[in-house]
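A.B. asks: Before we start, here is the structure in question, set down as C-alpha cells.
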Amino acid sequence: MVVDDCSTDGSSEIITEYTGRDDRIKPVRLEINSGLGAARNAGLRRAKGEYVWFVDADDWLAQGALEAVANRLRDIKPDVLVVDYARAQAGGRVQRSGGQHLLSGAPEAFSLDRYPLMLTGFCVAWNKVVRTQFLEAEELSFPPGWYEDVPFTYPLLAKAGRISTLDRVCVYYRQRPRGSILGTTSPRHIDLISQYELALKRIGPVWVAEFVRQQAVRHGLQVLGIAGRLPAQSRREFFLRLAAFADRHDTHQGGVRDFLLRWRAWEVYHGLQLGKGLLRRARARLSGVSFGGVARKVGRLPGLGYYWWQRRWPLEDLAVYSSYWGRAYECNPAAIHAAASRLVPAVRSVWTVSADQIGRLPAGVNHVVIGSFAYYRALARARWFFNNANFEGEVVKRPGTIHVQTHHGTPLKFMGVDEPAYRDNPEQLLKRCDRWDFSLVSNRYSERVWRRAYPCRFEFLKYGYPRNDVLVTATPDVVVRLRRSYPDGLLVLHAPTHRGPLPAPALPEIPGVTVLEKKHYLVAGGGRGPAIEELMLVSDVLVTDYSSVMFDYALLDRPIVIYAPDWEEYVRERGVYFDLVSHPPGVVARTPQELVMAFESGAVWRCRRQRTAFREQLCEFDDGRAAERVVRRVILGETL
C-alpha cells in the first residue's frame, strides 16, 4: 500500500507509474497534505496483513529483506520486530547503524524489563515491524505534527510483551543534508516537546517513563544546539519550554546546561552556543586551507561583511540572473530575463558578471561585477534568483526569496552527487542546492536524474527550457534572414563537450561541407562568436560527441551525428546515465573515416525514425513558451 498525502514533489505520478507495473500496489490518496502521521494512520486503517511496516517513501528495502523478515516473524511471532538499517549518503557511501550491538546482543524474544538496552536504539517507526492486532488492542496511532515517531515508538516498545530483533540491514535510510523536514529551519521543531509529553501519557512502566523524560531533555538540547534548525526568533521560546518541561518532570541531573535550564538563563546559554559555533567554524575553515586560499578569503571579507549587513534590510522587487558562473549572458537565465523584461517591467533586474566579461553583455542590461559591493547588495536584497549553475557557498537563502535552478542542458554524463568529485564529500554541493525552490526540466527523464543527482527539496517546473523557445518558434523567414550571414552550401555545426585539459577530437575534412565550430563555454574562447541558438538555426546538421546540445538540436528535426571516438574512455572517466551509442538520435561514427563515409553515403539523412523517438522522449515539454511560464509561475505567482 502506498499513501500519497497530496505532496507536490511528483509522488502521484510515481505511484501511478508503479501501480501500472504491479497490481499488488494499492494507492491511497489523501484529500489534503496532513503530514507523515496522518499518512501512516491512513495506511494502517486499510492494512489487512498480520503485520505492518511503515517504510518511508524515500528509503528502500535491502534485497532479501522481506523474506528474512517473514521468516523471523513466522519463527518468533513477536509483537514488534526491530531490524537494522544503514545510512545511504548522497554520494553513494553506505554506513551501517551504530546500534548493531543492540540487535546482536538481544535475546531471541524479550520485553523491555528483560532487555532495557533496546530503549537506547533509534526512536523511529520505520525499522520496526509490528503485529497489527497488537496495535489495534493498544490503540496506538501517530499524532499530527513533527516528531510523530516519539509518542508512537516509546509506548510501542513499553507495551510490547514480546519483542525480537533481526541482525541484518533491512532498510537503507537515505541521508539528505537539510533535505528532510526535520532538517529544515522552522518553529515547528517546538512540536518535539509536546510529542514527548504525549509519549509520557501513553507509557505505562515508571522506569521507562523516567528514561523518556531524560531523553526528552537530551533530544531538546540537541535540536537547540544545531545551527539553523530553529529560526532565531523561536530559539528562546524553545529553550524556555524545554526548561518548563524539565521542571515539571524533575529531570535536573547537574551539569552546565542543566544549571542554565533550571535558572532559565537563555542569554548565557545563547552566548555559549555562539562562542562554540564560531570556534567550530574557525577550525573548519583553517583545516587544510592553503595560504592562497586564506588570502582569497581575507580579500573577500569586506564584501561578505557588507553582505551580512545588507541582509538586515528588507527585500526588494529585484531579480538576480547569472549564467555559467558569470561568464556569459546566455542560456536559460538570459531567455527568462528577456521574458521578464517584457512581462513584468516593474521588477528590476541585475545580471552578475565577471569583470573580464562585461563587454559581452548586450546594451542596456543592468549588471554588477562579481565580488563588488553592488554584487553583495544585490544578493542580499533580491527576491528572485535565476542561475544555470550555483551561486557561491556564502549566499544565504533569506525567507521570502525564491531560487530557480534552470540548469544548462539535459544530462547525459553524471552530475551532482553522482560525479566522482562529489561522491565522498557532497556536503558543500548540497548546501548550495538546498537553496533551490524550483528546478527546471524539459523532460521526465531529466526529472528522474536531477532527483537522484541533487537529493534536496525543490519543486520541478516541467515547462521546457527557455533557451529552446526560439528553436520552436523561429519561422522559416527568420532562418533565411540569419543564413544570409553565412556561406552557401551545407553547414555543419560542430559542438563538442568539455574534456578538461584535453582538446576535443578535431573533425576530419568533409568534402562539400562548411563547419561552424562552437567551443564549450569552459574552453578558452568558448563564449565568443554567435550564440549557440543562432548556430543551431542556421546549420543543416549537428555533429557532437556527448554535449547536451544534441537534446536541444533535436527540436529542429535535422540530422544529428554522434562522433564518439573515445566513448568507452569517456564512460569510464565521467559516467553516463544511458548508453548513447546504443540509443542515438542519428548516425554514430567511431572513427574519422566513418564520419566522412556517413556524409558521402547519405546515411546522415536516413535516421528520421531514431531522431523522432529521441525528440519525443527528451524534448517533451519544449513548446516555445517555457520562458513565459517561468516568469508567470515564479515572479507573478500564477498557478499554471
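No lab work stands behind these numbers, since they all come straight from the coordinates. Predicted model only: the values in this text are computed from it and were never measured. Please note: Cβ atoms are built from the backbone with ideal geometry, for glycine as well, and neighbour counts cover all protein chains shown.
A.B. asks: Using label points projected 7 Å from each Cα along Cα→Cβ, tell me how many nm separate residue 603 and residue 113, to one decimal.
C.D. replies: Computed distance between label sites residue 603 and residue 113 equals 8.1 nm.
A.B. asks: Right, something else. Give me the dipole magnitude in Debye, nearest 20, for region 183-287 about the Cα centre, with unit charges on the beta carbon: positive for Lys and Arg, negative for Asp and Glu.
C.D. replies: 460 debye
A.B. asks: Which one of 339, 395, 599 has its Cα pushed farthest toward the positive end of the charge dipole of the chain, where Lys and Arg give +1 and Asp and Glu give -1 at the Cβ?
C.D. replies: The one lying farthest along the dipole's positive direction is 395.
A.B. asks: Only four residue types carry charge here, +1 at the Cβ of Lys and Arg and -1 at the Cβ of Asp and Glu. Report the dipole size of the chain about the Cα centre in Debye, rounded to the nearest 20.
C.D. replies: Computed charge dipole of the chain: roughly 1920 debye.
A.B. asks: Straight-line reach only, C-alpha to C-alpha below 26 angstrom: list the lysines that residue 413 could link to, leaving out same-chain residues fewer than 8 apart.
C.D. replies: 431, 462, 518, 519
A.B. asks: Can I ask one more? For the chain, with the dipole built from +1 on Lys and Arg beta-carbon atoms and -1 on Asp and Glu ones, taken about the Cα centre, which of 549, 456, 147 lies farthest toward the positive end?
C.D. replies: Working it through, the farthest residue towards the positive pole turns out to be 147.
A.B. asks: If you average the C-alpha positions of region 338-369 and of region 194-209 separately, how far apart do those two centres end up, in angstrom?
C.D. replies: Cα centroid of region 338-369 versus Cα centroid of region 194-209: 59 Å apart.
A.B. asks: Something else about it: If you bin the C-alpha pair distances of region 330-474 every 10 Å from 0, what whole percents do you get?
C.D. replies: 10, 38, 37, 15, 1
A.B. asks: Also: Among all helices in the chain defined by DSSP H, which have a length of 24 Å or more along the axis from Cα atoms plus a Kyte-Doolittle mean of at least 0.0?
C.D. replies: 206-225
A.B. asks: Using 1/(1 + (r/R0)^6) with R0 = 35 angstrom and r between the beta carbons of residue 139 and residue 312, what's the FRET efficiency to the nearest 0.05?
C.D. replies: For residue 139 and residue 312, the calculated efficiency is 0.10.
A.B. asks: Another question, then. What full-extension length gain, to one decimal in nm, is calculated for residue 7 and residue 398 as 0.36 nm per residue of separation minus the Cα-Cα distance?
C.D. replies: Stretched out fully, the residue 7 to residue 398 stretch lengthens by 138.4 nm.
A.B. asks: Further question on the same structure: What is the local net charge at residue 592, summed over the other residues whose Cβ is closer than 14 Å to its Cβ (Lys, Arg +1; Asp, Glu -1)?
C.D. replies: So the environment of residue 592 carries a net charge of -4.
A.B. asks: For 123, 619, what's the fewest-to-most ordering of other Cβ within 10 Å of each Cβ?
C.D. replies: Sorted ascending by nearby Cβ count, the order is 123, 619.
A.B. asks: Can you compute the FRET efficiency between residue 77 and residue 29 using 1/(1 + (r/R0)^6), with r the Cβ-Cβ distance and R0 = 22 Å? Round to the nearest 0.05.
C.D. replies: The formula returns an efficiency of 0.05 here.
A.B. asks: Work out, step by step, the length gained on full extension between residue 132 and residue 348: first 0.36 nm times the residue separation, then minus their alpha carbon distance; give nm to one decimal.
C.D. replies: Full extension from residue 132 to residue 348 adds 71.9 nm.
A.B. asks: At residue 68 and residue 557, where each label point lies 7 Å from the Cα along Cα→Cβ, what is the point-to-point distance in nanometres?
C.D. replies: 5.4 nm
A.B. asks: From the residues 565, 580, 617, which one has its Cα farthest along the dipole of region 554-640 in the positive direction, the dipole being from +1 and -1 charges on Cβ of Lys/Arg and Asp/Glu about the Cα centre?
C.D. replies: Farthest towards the positive end: 617.
A.B. asks: Give the calculated FRET efficiency between residue 50 and residue 18 to the nearest 0.05, with a Förster radius of 25 Å applied to their Cβ-Cβ distance.
C.D. replies: Between residue 50 and residue 18 the formula returns 0.55.
A.B. asks: In nm, to one decimal, how far is the residue 472 label point from the residue 520 one, both placed 7 Å along Cα→Cβ?
C.D. replies: With each label point 7 Å from Cα toward Cβ, the separation is 2.8 nm.
A.B. asks: Whole Å is fine, so just give me how far the alpha carbon centre of region 70-118 lies from that of region 394-442.
C.D. replies: Using only Cα atoms to place each centre, the spacing works out to 35 Å.
A.B. asks: So what are the ³J(HN,Hα) numbers for region 536-547, from phi and the Karplus equation (6.51, -1.76, 1.60; θ = phi - 60°), rounded to whole Hz, Gly and Pro as x?
C.D. replies: Values, residue by residue: 5, 5, 8, 7, 9, 9, 10, 10, 9, 9, 10, 6 Hz.
A.B. asks: Want the number for residue 506 to residue 593: 0.36 nm per residue separation, take away the alpha-carbon distance, what's left?
C.D. replies: Going from the current span to full extension adds 30.1 nm.
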